[in-house]
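To start, the structure itself, in structure tokens.
The values are calculated or read from the model by the stated rules, or taken from the named source; none is laboratory data. Nothing here was measured: the structure is a model prediction, and the numbers come from that model. Glycine gets a Cβ as well: all are built from the backbone with ideal geometry, and neighbour counts include every protein chain shown.
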Amino acid sequence: MAYLRAVIITDPNDPTRHAEFDNLFQIPITIDVEHHEIHEGDSFLAEHIESGTGFSLCFKVPAGTKRDHILLSWAAESKAEVSIFEGREWDASTGSLVTIRNRERNNGGASQLQEDQSTGSFIANSSVILNPGNIGLGGNAVGIEIKHFEVWSDKRATEHAMGHNEWVLENDEVYVFTFLSNDGAKGGQITLDFYEHTDE
């Protein structure tokens, strides 16, 4: 009976490069996709923390073959609602900008997400929009609500850090992420953790 004694995993772009193996178990050392995208300079973070009745983070995904894979995490000081809306428009040239940070701090590139606060037209500017005009919060917002969270108790936080919880956003579409306090002017946080990948 023949047994497979070794496997060599070679980089298809450089045949002199091979995968490293774990010393104890003799299996290839791998990392997950999200970790890989950080090394590629295609992983990003945008977040906002506010004490008040609520806020919105908004942006447009441009047309094309590059897709945004996003994970939402949030925290609430008290009872609150968190929602994701697709297809909701807002007034251009309103609100303020929240910076998108690249997780690769040495030579990472810029995100493709677009804002229309600075020029009135959608442009990629390493930013999302905070609280643009003519947009509702929570259940009052217009658009398709594709996800809704209820915070039933005080000081609740959650993080959807697993890849199977990500949303692959539609190209050429606008998105709104909202936090709404149900207990007065209590604080909250939304973190948008995402990477961008071009279809092969």
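List of remarks:
- Scanning region 35-52 for residues that are closer than 27 Å to Ala76 by Cα, of a type outside the set (Phe, Trp, Tyr) and under 13 Å from the mean Cα position of the chain (by Cα) yields Ser43, Leu45, Ala46, Glu47, His48.
- Scanning region 154-169 for residues that are surrounded by 15 or more Cβ atoms within 10 Å (Cβ to Cβ) and either among the aromatic types (Phe, Trp, Tyr) or modelled with pLDDT of 75 or more (or both) yields Glu166, Trp167, Leu169.
- Taken over region 57-78, residues that are surrounded by fewer than 17 Cβ atoms within 10 Å (Cβ to Cβ) and β-branched (Val, Ile, Thr) amount to 1.
- Looking across Glu115, Glu104, one residue alone is within 22 Å of Ile49 (Cβ to Cβ) and acidic (Asp, Glu). It is Glu115.
- Applying a threshold of 6 Å to beta carbon distances and a minimum spacing of six or more residues, or different chains, the list of pairs starting in region 173-200 at a residue that is surrounded by fewer than 17 Cβ atoms within 10 Å (Cβ to Cβ) and ending at one that is in a strand (DSSP E or B) and of a type in the set (Ser, Thr, Tyr) reads Gly187/Ser51.
- Restricting attention to region 53-91, the residues that are free of Cβ contacts under 8 Å to residues at least 60 places away in the same chain and within 18 Å of the chain's Cα centre (by Cα) add up to 0.
- Subset of region 1-60 [modelled with pLDDT of 85 or more, among the charged types (D, E, K, R) and in a loop (DSSP other than H, G, I, E, B)]: Asp42
- Taking the criterion of being small (Gly, Ala, Ser), farther than 16 Å from Ile129 by Cβ and modelled with pLDDT of 90 or more, the only residue of region 84-109 that qualifies is Gly109.
- Boolean, Val128 is closer than 30 Å to Asp183 by Cβ and either modelled with pLDDT of 95 or more or over 19 Å from the mean Cα position of the chain (by Cα) (or both): yes
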